[in-house]
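Below is one structure; the comments refer to it alone.
What follows is calculated from the coordinates using simple rules that are stated; it is not laboratory data. Given the structure is predicted, the values throughout are model-derived calculations rather than measurements. Note that we place each Cβ from the backbone using ideal geometry, even for glycine, and neighbour counts take in every protein chain shown.
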Amino acid sequence: MLVIKTINELKGELNKIDNSSDLGLVPTMGALHLGHMSLLKKALSENKKVVVSIFVNPTQFNNTDDLEKYPKTLDNDVNLISTISKEIIVFAPSVTEIYKDHVKTKIYDFAGLDKVMEGEFRGNHFNGVGTIVEALFSIVNPKRAYFGEKDFQQLRIIQKLVELEKIPVEIIGCEIVREKHGLAMSSRNERLSVTIRQNAAFIYETLKTVKDKFGMKSVLDVKEWVAEQFQNSLDFELEYFEITDVETLTPTKNKNLNIKYRAFIAVYAEDVRLIDNIALN
Ligand code: PAF
């Protein structure tokens, strides 16, 4: 397995590839799980060569404690990747390698996509995501890049980023991978107790019922129903629940049959923040 730490070394390696235009990138922050593995498998099936980046990006954390606690498990990550293919290039740079001596966040105009939901609760988070993803695109120059739909808002923002910056890369959204009981896979799930992790199936169950209700009830009724479910829950605290247009991510009050909608949720369980979403129509 090739684990590369510097930009120069990576560029040297990528120059050796015959058809460098057929390159897939899977950007990650490590602590890899089966959700990441499904991104890698898709990337492998669609590209001659695949790079996975493992980089805990400081500019997307608005809380230093969260950044410090973020799991760094490079050896395990490399082992897990090697179970899929030993041909994948792992790019695991240091913060200095990426940001040199000045960790700076670029500010973007994401046309409001960054102002709602995660953006409302996580400050400058999406400018940090944009900064690192743009940097990775410029270093790797991939033809395709893969992102999970669990972070659907992030996916929309990256689509906007490539449009804004005219980056010639195809952004590929990949379906959410779930644990057996329905909880969306996330590195954070490891921090839940066994019981709460089982009970967290409740989040996806709620979203599936939202989808059923969405055809028959008003948006307000659905939102009130969700709020009630969480008022009655001892294990989970609702941070937000929104139904938005998938294009603009604007929270919806009234349904319009020509628009595609998605429901988004963020929940606290034992101090662990979990997010999920579902397509409604
Ligand atoms: O989704 C993530 O893991 C991160 O936000 C990303 C896209 C790798 C940027 O650091």
**Complete:** Computed over the range 25-97, the Cα gyration tensor eigenvalues, each multiplied by 5 and square-rooted, give semi-axes in Å (largest first) of 23, 12, 11
**Prompt:** So, in nm, how far is label Thr6 from label Thr195 when the simple model puts each one 7 Å beyond its Cα toward the Cβ?
**Reply:** 5.3 nm
**Request:** Would you list, by chain and number, the aspartates and glutamates whose Cα falls below 19 Å from the Cα of Lys211, excluding same-chain residues fewer than 8 positions away?
**Result:** Glu149, Asp151, Glu175, Asp221, Glu224, Glu228, Glu242, Asp245, Glu247, Asp276
**Message:** About the Cα centre, and with charges only on the beta carbon of Lys, Arg (+1) and Asp, Glu (-1), how big is the dipole of the chain? Nearest 20 debye, please.
**Reply:** 620 debye
**Item:** At q = 0.12 Å⁻¹, base-10 log of I(q)/I(0) for the chain (Debye sum, equal scatterers on each alpha carbon)
**Value:** -0.79
**Candidates per trypsin sites (Lys or Arg not before Pro) in the range 95-157, loop by DSSP, up to 14 other Cβ within 10 Å** = Lys100, Lys104, Lys106, Lys115
**Item:** Global size of the range 1-153 as Cα Rg and Dmax, reported in angstrom
**Value:** 15.4, 45
**Item:** Computed [θ] at 222 nm, helices only, for the chain once each DSSP H run of length n ≥ 4 contributes -39500 (n - 2.57)
**Value:** -11000 deg cm²/dmol
**Message:** On a 28 Å Cα-Cα criterion, which of the cross-link pairs Lys150/Lys180; Lys69/Lys115; Lys42/Lys217; Lys5/Lys86; Lys42/Lys166; Lys5/Lys42 come out too long?
**Reply:** Lys42/Lys217
**Lys, Arg +1 and Asp, Glu -1 on Cβ, resulting dipole of the range 69-131 about Cα centre, debye, nearest 20** = 140 debye
**Prompt:** Tell me, what is a quarter of the convex hull surface for the C-alpha atoms of the range 193-243, in nm² with one decimal?
**Reply:** 3.5 nm²
